[in-house]
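Participant: Input: one structure, supplied below.
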Amino acid sequence: MKSIPRHEGRWRSFISFFVGKQSGYSSLCVVLASLFEAAARTLLSHTNMAPFLGDREASDISTESSLLPLKLRQGRLGNQTTPKTKMANEAQLCEDDQVENLAVAIELKFLLPLLVDGEADPEEQDSRPVQRISRDARNDEDACRKQAYEAVAKTIRQAGSGATTIQSISAQNLTERQFWESAWIVKKANSVEPGPEEKKISSNRYVWVPLEISSPKMPAQDADTHHHIKRVLTALNFNHRLRANFTCEVHVHLGRIDGRSFALPTLKRLGSFLWAAEPTLRSIRDPRSPNYNNVYTWGSELRRYSRLAEKVSESNTSLPRPADDIEDAGVRRILCGQVMPQDRRALHEIWQAKTSLDLGRLLSGPGKQYRRLGFNFSAFGLEDERAHRSPRTIEFRMMEGTVQHDLILNWVIICSRICEVAMLRSDERFSGAVSRLLQGMGEHSTGRARGETLAQHRGRTLRELMQDLEIPAPVFEGFENKVIREHEGAIGVTGL
């Protein structure tokens with residue numbers, strides 16, 4: 001006889017007693033017992049969620065789970081549903097997102113040189129050690145990658161953090177998602193390639209290995225998270241000759257620590273904020289970079305290449321639209337001010353989205369090249385297999401690659417604060433910042449103070465946004481100075 005799990009047996013006994021005692025209707029007893037059993041199974045199946053994932057992404061239990069720490073083994077459990085079911089049940093997720101549940105993870109892309117045995121060091125003035133590769137292996141890409149990845153992972157482990165490589169994960173028949181909570185992952189950076197400077201330095205004595213270092217997810221509000229990132233980056237820079245050129249980038253993922261999707265109102269506020277703030281935030285990119293317009297990487301402008309941008313450009317925006325149909329009081333107040341028609345239409349489109357699936361697609365581009373924009377919502381649009389595998393996060397993809405850990409840490413703080421103000425429905429920082437941005441739209445060409453250059457104006461606009469978000473000056477001043485320095489004299493070069 002098939003045994004009945006304890007929780008199912010209890011429901012069956014209870015219904016049998018209650019219904020049978022009152023009416024004797026055994027058939028009704030069976031029906032109700034079955035319903036309660038199904039409900040119990042559904043409830044239990046939702047108790048474990050894979051890190052940063054919705055229900056569909058939770059992985060199956062396998063015999064390899066015994067190789068993982070207990071926390072990782074638990075993170076693999078979960079029920080599987082289709083994307084449509086997941087989005088239809090969206091209302092059953094957390095009604096309000098809590099700031100303390102915000103999690104962050106970063107992806108850093110670099111070039112690491114390997115010095116061929118017998119060759120003179122082209123950077124002998126650099127006191128940092130350099131990995132050597134045998135002459136026989138210099139043309140073996142797999143061997144070069146394996147050596148470089150393991151060297152970087154070893155440094156991270158020596159700095160006190162968990163780390164693994166994509167080769168090690170594959171050899172164990174595991175998946176990256178199983179390490180999202182516990183380890184840095186070193187793997188190939190597909191977009192990265194040596195540029196003219198790297199080729200000039202090496203004179204064919206170096207083998208340049210593109211690599212990506214992905215952090216585990218960490219609590220965004222925890223000071224230990226910043227110490228953790230700084231410790232790892234400091235160790236990497238001290239022990240390796242890492243370089244970041246125009247093909248490299250810094251990506252910041254933000255989501256819920258429990259892996260569930262942000263609530264739809266949070267996503268709508270994020271979309272509204274980033275639509276308004278994009279020109280200011282993108283000013284941190286060097287206008288003289290060969291990748292300024294994302295020739296080498298995916299991360300183009302939301303305001304130009306998203307479906308939302310297409311809708312706004314195709315519509316008749318001459319007549320103002322009432323804000324009464326927008327559920328968020330802060331956004332309604334914003335639209336009562338002086339807002340340009342296209343921005344008014346954009347916010348209305350965002351707030352008309354019925355599900356995070358709809359919103360994710362609205363804030364993404366229709367073609368593959370523009371699927372992942374500078375503010376990447378594709379994990380909510382679920383338009384390709386990569387989106388299904390990805391964590392349920394908003395990804396900030398616009399920061400250029402750097403080896404400066406202070407800039408990386410400060411960008412993480414800025415991105416986290418943006419998500420924080422979007423999560424809090426009554427946060428005046430959100431409405432204040434968006435109001436200033438939308439009412440000042442167009443100032444990049446007409447609103448400069450007397451004697452202020454365009455570069456200085458852009459720096460000031462960034463500073464005012466940071467102040468609206470109550471971000472401390474030491475966090476944003478490096479970016480303000482970067483904007484002014486890189487934009488001075490660049491107008492004639494880029495046509496900006």
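Participant: For region 377-392, enumerate the residues that are in a loop (DSSP other than H, G, I, E, B) and out of contact with any helix residue (DSSP H, G or I) (no Cβ under 6 Å at 6 or more places or on another chain).
Facilitator: 383, 384, 391
Participant: So which residues in region 109-124 are exposed (fewer than 12 other Cβ atoms within 10 Å of the Cβ) and either charged (D, E, K, R) or closer than 20 Å to residue 245 by Cβ (or both)?
Facilitator: Hit for region 109-124 is 124, nothing else.
Participant: Can you tell me how many residues within region 123-139 are in contact (Cβ under 8 Å) with a residue 24 or more places away in the chain and either touching a Phe, Trp or Tyr at 6+ places or on another chain (Cβ under 6 Å) or among the polar types (S, T, N, Q) (or both)?
Facilitator: The number of residues fulfilling the criteria is 1.
Participant: Can you pull out the residues in region 215-227 that are surrounded by fewer than 20 Cβ atoms within 10 Å (Cβ to Cβ), modelled with pLDDT of 95 or more and touching a Leu at 6+ places or on another chain (Cβ under 8 Å)?
Facilitator: Hits for region 215-227 are 219, 226.
Participant: Restricting attention to region 100-120, report how many residues are without any contact (Cβ under 8 Å) to a residue 40 or more places away in the chain and either at negative phi or not assigned by TED's automatic domain parsing to the domain that holds residue 202 (or both).
Facilitator: Selection size over region 100-120: 1.
Participant: Across region 324-349, which residue is surrounded by the most Cβ atoms within 10 Å (Cβ to Cβ) among those that are free of Cβ contacts under 8 Å to residues at least 24 places away in the same chain and in a loop (DSSP other than H, G, I, E, B)?
Facilitator: 336
Participant: So in region 126-181, with the set limited to residues that are outside any helix (DSSP H, G or I) and of a type in the set (Asp, Glu), which one is farthest from residue 235 (Cα to Cα)?
Facilitator: 140
Participant: Provide a single number: the residues in region 228-268 that are under 27 Å from residue 201 (Cα atoms), of a type outside the set (Ser, Thr, Tyr) and either at pLDDT below 95 or not in a strand (DSSP E or B) (or both).
Facilitator: Total satisfying the criteria: 14.
Participant: Exactly one of (1) surrounded by 22 or more Cβ atoms within 10 Å (Cβ to Cβ); (2) more than 15 Å from the chain's Cα centre (by Cα) is unmet by residue 255. Its number?
Facilitator: Result: residue 255 passes all but (2).
Participant: Considering region 278-318 alone, what residues qualify as being assigned to a loop (DSSP other than H, G, I, E, B) and among the charged types (D, E, K, R)?
Facilitator: Correct list: 285, 286, 288, 301.
Participant: Just name the residue that is surrounded by the most Cβ atoms within 10 Å (Cβ to Cβ) out of those in region 372-405 that are closer than 22 Å to residue 229 by Cβ and of a type in the set (Ser, Thr, Tyr).
Facilitator: Per the stated criteria, the residue is 393.
The values are calculated or read from the model by the stated rules, or taken from the named source; none is laboratory data. Computed from a prediction, not measured in an experiment: that's the story for all the values here. Methodologically, a virtual Cβ is constructed for each residue, glycine included, from the backbone with ideal geometry; neighbour enumeration extends over all protein chains shown.
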